[in-house]
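The values are calculated or read from the model by the stated rules, or taken from the named source; none is laboratory data. None of these values were measured; they are calculated from a predicted model. Glycine gets a Cβ as well: all are built from the backbone with ideal geometry, and neighbour counts include every protein chain shown.
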Amino acid sequence: MKSAALILTIVVGLAVVVLLSRALDARRTDTQARFAEEPLYVTPVAAKRLTLAFNGLAADWYWMRSLQYVGGKIVTYEDTHDGRIDFGWLGNLDLRLLPSLLRTSTTLDPQFMAPYEYGAMILPELNSDHAINLLNAGIAANPSAWRLYQHLGYVYWKRNDYQKASEVYTAGAKLPGAPPWMMAIGARMKAEGGARDAAREMYRHLYDSSNDDAVKHMVGNQLMRLDSLDERDAIRRVLKDFEVKSGRCVSSWREVFEGLRAAHLKIDQANGAPLDPSETPYELIKNGCDVDLDINTKVPIK
């Protein structure tokens with residue numbers, strides 16, 4: 001009887017420990033999540049006063065925290081949504097602290113270009129006004145930095161304000177050291193607005209002038225998207241030609257192999273499917289009458 005009572009006591013004790021441990025873990029996770037979303041109680045100006053001669057180090061800390069904040073949000077989103085996040089849909093991440101983090105970093109070190117550049121790429125997907133405010137503050141502190149005009153022009157282009165984008169690029173082109181293509185981009189924004197060729201040229205210059213790997217990755221994805229849009233237009237023409245000639249849509253890519261090759265598309269030799277810029281085969285949809293990206297592609301949807 002004593003042995004049975006002892007065993008029962010041990011079992012009950014272990015059960016209580018397990019339940020208590022789970023409760024504490026859940027509470028700890030919830031506390032960490034709430035802490036991660038706590039607003040920054042120290043304003044950028046106050047942070048600059050408090051850090052004294054260590055403004056540069058503090059700016060680096062807030063910059064790294066910005067990257068960790070976005071990275072953590074992406075990991076959490078992908079873990080809970082069974083897939084990868086598209087950088088065209090960053091509004092799904094609820095990055096409410098990012099504008100404050102970036103602004104604090106640039107207030108601590110106004111000549112620190114990386115946060116401005118990162119903000120120009122990310123913030124327009126959340127609220128373009130935040131991006132414009134950040135970049136205008138950067139221009140006020142660095143009036144001869146033509147790259148900030150480049151990024152500000154990009155933000156206005158993203159919000160479809162092509163006239164303003166043209167004005168900003170043209171103003172930046174007049175600064176000492178600005179490359180000749182800044183003036184050309186200004187004219188192109190005014191003439192072509194959101195045309196793909198104008199967008200592609202702008203993204204290429206953004207890519208070439210950036211020293212930030214994260215920004216290069218995002219811009220590279222957008223270049224892939226533009227290339228894919230052109231490729232899908234070419235594929236649709238091939239599919240339409242087949243439909244007109246045969247009176248039906250294709251049943252497989254093999255039926256339009258010659259047309260795809262004549263359109264100079266990259267083709268998967270195994271099944272004859274055209275490959276998108278991420279080397280993933282395109283998918284036939286609408287019973288072979290149309291084309292779309294495959295679910296496994298790395299090309300951004302937006």
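Here the range 259-285 is the region considered, the condition is being at pLDDT below 95 and farther than 22 Å from residue 224 by Cα, and the residue that is surrounded by the most Cβ atoms within 10 Å (Cβ to Cβ) is 271. For the range 188-211, residues that are buried (at least 16 other Cβ atoms within 10 Å of the Cβ) and assigned to a loop (DSSP other than H, G, I, E, B) total 2. Here the range 38-74 is the region considered, the condition is being modelled with pLDDT of 75 or more and of a type in the set (A, V, I, L, M), and the residue that is surrounded by the most Cβ atoms within 10 Å (Cβ to Cβ) is 59.
Pairing residues of the range 109-123 that are farther than 15 Å from residue 156 by Cα with residues that are surrounded by fewer than 24 Cβ atoms within 10 Å (Cβ to Cβ), at Cβ distances under 6 Å and at least 6 apart in sequence or on separate chains, gives 109/55; 109/56; 110/141; 114/212; 115/63.
Count, please, the residues in the range 240-253 that happen to be part of a helix (DSSP H, G or I) and either touching a Pro at 6+ places or on another chain (Cβ under 7 Å) or surrounded by 12 or more Cβ atoms within 10 Å (Cβ to Cβ) (or both). Adding up the residues that qualify gives 5.
Scanning the range 162-181 for any residue that is at pLDDT below 95 and in contact with a His (Cβ under 9 Å, 6 or more places away or on another chain) turns up at least one such residue.
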